[in-house]
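The values are calculated or read from the model by the stated rules, or taken from the named source; none is laboratory data. All values reported here derive from a predicted model rather than from experimental measurement. We place every Cβ from the backbone using ideal geometry, glycine too, and count neighbours over all the protein chains shown.
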Amino acid sequence: MSDTLATLRQLVAPKQGLRPLPLVSESYQVDSTPAVSTRLLNMFAEALPPGSRSTHMLKPTAGTSLFTTIGTGPVRCSAAIAGSYYAISGDTVYRLQDDPIPAPTALGVVGTAGAADTESIAVGLTAVVFCVPPNAWVSDYNVLTPAWQQITTGSGNFPADGANSVCYIDGYFIFTQLTQIFLSKLLDATHFDSLDFVGISSEVDYIERGVAHNGELWLFCQNSVRIWYDTGAADAPFQPRTGGVIPHGIGSARTIVAMDGSLWWLGIDKVVYRTTGYQATRVSNHFIETLIATFDGGYLRNAVACSWMHEGHMFYALSLPQLGRTFVYDVATKVWHERCSDAAGTGRWQINTAMQLSARVILGDAQNGNLYHTSADTPTENGVAVPRIGTLPNIVTHGPRASMHRLEVEMEVGTADAPGSVTLDWSDDGGINYNGGPRALSTGAAGATKTRVATTRLGSFRERVLRFTAVAPMTIYAVDADVPTPTGG
């Protein structure tokens, strides 16, 4: 009798409608999966203004399309200035002009760096210098017949043991070795004065790379980052800045990126940092740091990073080749999402470099010599339809079971930007196993802009993780569900 009364009360009770579920904003997992297992793959969060239907929405990452090909690749390093793009692809340096766009010009062969080294490009006022340790080459800016030469010992006093990086500040090309820096003569990349060779410190530390930042020389060493500045002196003008030592050395010189007025890098302590003045601010989270911690020995040096801007978002993409993962930090939201280039949703994002060339963002491939455009209007990764995945936060009843009678996804429908269908599956053990579904939900035919992306009768649960997948770009505003308040066990 009591069961009958309970059923009658439920039938006559006023309907409360659907309630919004928490919307995922980042990729974050821990060893104990039921604690948190949210994920954004090839999607990112964008905050919405007050009064919107949700605090944020989920947008698809911009796709890539082939721009041109330079050599056999991979594209290891790139730089751009005044409509000219330079890159090291495989063992060769290439140049592109933005307007008009001719075929790439091969400037010269530079070889390849060792596993412990990284290439660098210094764009100066009169020339561009390319350092592939331990050697260096220089090219002028002549568009038709650029002069090209290797910087050698000869009369120029370039050291016989070479350099491991180069940058440009105040008319000087600044080269680094393990324990010292040396400068070119002013506006002359090929000649060096013996008085312009300076040891970095009385402490034992080794320079991995020198970087020009805000008119200063930042030396990324194994145990620290050291800031030097131009004193204006005639001999050895660059000297250490007082207090300019950051006690977080470099884990991979390939992860150093200038973005948002800061330098970003993966530290030897397996934490991702950005500079705040002369201090280091941690930007990685425990999830990413736990994954990085699985790198052993020299594998940490294989990590690579690049940065670019898209629709007001500044992104820092950190690829971990040994793990086959790429994590992308969004400066606007201060959280991380993931990217991949594979149709199966596995593996890293196959991009090594990103560079702004006039209005274009040019991306360099990590496997071959391809260069790509990136555009929100491109739905694929170089023709590959990659999955877009959003895994929502865990819904927990904290005791009694609850039923999910109906689920609706508020998203782009009935337009060219709608994916056509989205697949829903779910886990009732905290994201360990996905045994619910899958269900394909239509996002409407072209013009059907009132389509409701919904499904019913999703059973009962004590905890549930919902996962949405599409093989085309999808934009989600909110997820709502009819889950009556549980009243029994």
Residue under question is residue 479, and the condition is that it be modelled with pLDDT under 95 and touching a strand residue (DSSP E or B) at 6+ places or on another chain (Cβ under 6 Å); does it hold? no
Identify the single condition in (1) part of a strand (DSSP E or B); (2) of a type outside the set (D, E, K, R); (3) surrounded by fewer than 19 Cβ atoms within 10 Å (Cβ to Cβ) that residue 433 does not satisfy, given that it satisfies every other one. (1)
Expected single match for surrounded by 14 or more Cβ atoms within 10 Å (Cβ to Cβ), more than 20 Å from residue 81 (Cα to Cα), under 32 Å from the mean Cα position of the chain (by Cα) and in contact (Cβ under 8 Å) with a residue 60 or more places away in the chain among 226, 209, 241 is 209
Given the conditions (1) of a type outside the set (Phe, Trp, Tyr); (2) more than 29 Å from residue 283 (Cβ to Cβ); (3) not assigned by TED's automatic domain parsing to the domain that holds residue 305, report the number of the one that residue 381 does not fulfil. (2)
So, residue 434, is that one aromatic (Phe, Trp, Tyr) and within 30 Å of residue 70 (Cα to Cα) or not? no
Out of (1) farther than 20 Å from residue 321 by Cβ; (2) at pLDDT 95 or above, the odd one out for residue 367 is which? (1)
When restricted to 114, 156, 71, 90, the only residue closer than 23 Å to residue 257 by Cα, surrounded by fewer than 21 Cβ atoms within 10 Å (Cβ to Cβ) and touching a Ser or Thr at 6+ places or on another chain (Cβ under 6 Å) is 90
Would it be correct to say that residue 369 is without any contact (Cβ under 8 Å) to a residue 40 or more places away in the chain and assigned by TED's automatic domain parsing to the domain that holds residue 274? no
Checking the condition without any contact (Cβ under 8 Å) to a residue 60 or more places away in the chain and in a strand (DSSP E or B), which residue from 318, 266 passes? 266
From the list 378, 374, which one is closer than 30 Å to residue 106 by Cα, in contact with a Ser or Thr (Cβ under 6 Å, 6 or more places away or on another chain) and in a strand (DSSP E or B)? 374
In this structure, does residue 181 turn out to be surrounded by 15 or more Cβ atoms within 10 Å (Cβ to Cβ), among the aliphatic types (A, V, I, L, M) and out of contact with any Asp or Glu (no Cβ under 7 Å at 6 or more places or on another chain)? yes
